[in-house]
Amino acid sequence: MIKPLYDRILLEAIQEEAITHSGILLPESKDKPTVARVVAVGESTDKESPTSIKVGDHVIYKKYSTTEIKYQNQDYLIIESKDILAIVEEDK
């Protein structure tokens, strides 16, 4: 298991659907997704601004602010918590 250090967060990119609701196949985009699932959260050394991001959250992040890694044949992203733009909440 990978445990990020300091205020870093380990993400797993969420792949967008390649087929619309009406069944139209969409061409593969060259842009990488900017929505990901949080896999692990580092322990911040800054006690005044603790992160509200938790494992399992879906987040929107800055597109070019990640470090890509491959661990046990799985692709992950590591990002600083300040580069997380929003937490995606499900509609109820």
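Tabulated data for the structure shown
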| read-out | value |
| --- | --- |
| Residue match in region 48-61 (condition: charged (D, E, K, R), modelled with pLDDT of 85 or more, under 23 Å from M1 (Cα atoms) and surrounded by 15 or more Cβ atoms within 10 Å (Cβ to Cβ)) | yes |
| Hits in region 28-47 - residues which are at pLDDT 65 or above and either surrounded by fewer than 10 Cβ atoms within 10 Å (Cβ to Cβ) or more than 15 Å from S81 (Cβ to Cβ) (or both) | T34, V35, R37 |
| Search result, residues across region 64-92 that are among the basic types (K, R) and either surrounded by 10 or more Cβ atoms within 10 Å (Cβ to Cβ) or in contact with a Lys or Arg (Cβ under 7 Å, 6 or more places away or on another chain) (or both) | K82 |
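The values are calculated or read from the model by the stated rules, or taken from the named source; none is laboratory data. Note that this is a predicted model, so its numbers are computed, not measured. Note that we place each Cβ from the backbone using ideal geometry, even for glycine, and neighbour counts take in every protein chain shown.
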